[in-house]
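Quick notes on the structure that follows.
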Amino acid sequence: MSFLNFNKNKKVYNETQNNGARLITFVEPKNVISEQFRTLRTNIEFSGELVDNFQIIMITSPEMSDGKTMVSSNLAVTWAQAGKKVLYVDADLRRPTAHSTFDLWNTNGLTTILAKGDQPREIVKKTFIENLEVLTSGPVPPNPSELLGSNRMTPLVKWMRNNYDIIIFDVPPVLAVTDAMVLRQHTDGVVITVKIGKTLKANIKRTVENLKMADTKILGVVERVDRKEEKDSAYGYGYGYGYGETK
């Protein structure tokens, strides 16, 4: 598997639960990191060429803090910058961040649509980025998996397909909870994010096996690299097609 890697000072990735993800592709579109995300976008499009009606992409990870939100939000920006009408869905109902990332209210969202039958057009929010709209998580529910697997999800997904070119689902880690496995039936493919030096190889293998057993198309793997060199810290992202052997 080949990866495209690059370095950047740690402050660029100072993402927290309270502050959301750093939208480097919006703040610094000419940065080498932004170009890397555009390359990732193109590679995902190539991987999805064999999928009929390729629109809905699920971004997940084996474990927490593997960088899935950083990847999903910046990918959404790059597709919007390419002229696609994009919907970013914060389907992580346990640790939502989209409202912080895009500076939005989270008093309603995905959970209120699924629990109360709210109309999505009234709930989806515009952002400061042209062509990009966001469906925040809404209030954190006591039963995330049950809500995501409810009957209201199917018509909601149909509405998304009819109104957007690209829909990105940011979902919880596969091995932490069942949410990703519940949602995979509504998606056209999944991208797995891992963090080198942190994510256990055994957990990466289990994640891939679980998704394959559920007949989910794996579009690729995004590798986040953290390296400490002398007094500095460096971060990187890379993209590889498919998935190689995990030992």
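The values are calculated or read from the model by the stated rules, or taken from the named source; none is laboratory data. Keep in mind that what you see is a predicted model, and the values were worked out from it rather than measured. Please note: Cβ atoms are built from the backbone with ideal geometry, for glycine as well, and neighbour counts cover all protein chains shown.
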Inset, instruction - Could you check, for the range 143-158, whether at least one of its residues is closer than 23 Å to E45 by Cβ, out of contact with any Phe, Trp or Tyr (no Cβ under 8 Å at 6 or more places or on another chain) and either part of a helix (DSSP H, G or I) or of a type outside the set (K, R) (or both)? - result: yes
Legend entry - Residue in the range 122-140 that is out of contact with any Gly (no Cβ under 8 Å at 6 or more places or on another chain), modelled with pLDDT under 95, surrounded by fewer than 21 Cβ atoms within 10 Å (Cβ to Cβ) and not acidic (D, E) present: yes
Inset, instruction - Residue by residue through the range 157-186, note down the ones that are closer than 24 Å to W79 by Cβ, surrounded by 19 or more Cβ atoms within 10 Å (Cβ to Cβ) and among the hydrophobic types (A, V, I, L, M, F, W, C). - result: V157, M160, I166, I167, I168, F169, V171, V174, A180, L183
Inset, instruction - State whether one or more residues within the range 11-25 are part of a helix (DSSP H, G or I), surrounded by 15 or more Cβ atoms within 10 Å (Cβ to Cβ), aliphatic (A, V, I, L, M) and at pLDDT 80 or above. - result: yes
Inset, instruction - Considering only residues that are among the hydrophobic types (A, V, I, L, M, F, W, C) and not in a helix (DSSP H, G or I), look in the range 187-211 and name the one that is surrounded by the fewest Cβ atoms within 10 Å (Cβ to Cβ). - result: L200
Inset, instruction - Could you tell me whether F37 is in contact (Cβ under 8 Å) with a residue 60 or more places away in the chain, of a type in the set (F, W, Y), more than 23 Å from I196 (Cα to Cα) and surrounded by 16 or more Cβ atoms within 10 Å (Cβ to Cβ)? - result: no
Legend entry - Residues of the range 78-99 classified as of a type outside the set (A, V, I, L, M, F, W, C), over 14 Å from the mean Cα position of the chain (by Cα) and buried (at least 18 other Cβ atoms within 10 Å of the Cβ), total: 2
Legend entry - The one condition in (1) crowded, with 19+ Cβ neighbours inside 10 Å; (2) modelled with pLDDT under 95; (3) not in a helix (DSSP H, G or I) that T69 fails to fulfil: (3)
Inset, instruction - For the range 161-174, name all the residues that are within 16 Å of A98 (Cβ to Cβ) and under 16 Å from the mean Cα position of the chain (by Cα). - result: I166, I167, I168, F169, D170, V171, P172
Inset, instruction - Kindly indicate whether any position in the range 41-54 is in a loop (DSSP other than H, G, I, E, B) and among the polar types (S, T, N, Q). - result: yes
Legend entry - Answer from D92, D103 - the residue that is assigned to a loop (DSSP other than H, G, I, E, B) and at negative phi: D92
Inset, instruction - Considering only residues that are more than 19 Å from the chain's Cα centre (by Cα) and either closer than 25 Å to F46 by Cβ or polar (S, T, N, Q) (or both), look in the range 215-247 and name the one that is modelled with the highest pLDDT. - result: D215
Inset, instruction - Only one of these is aliphatic (A, V, I, L, M), more than 13 Å from I168 (Cβ to Cβ) and crowded, with 16+ Cβ neighbours inside 10 Å: I113, I59. Name it. - result: I113
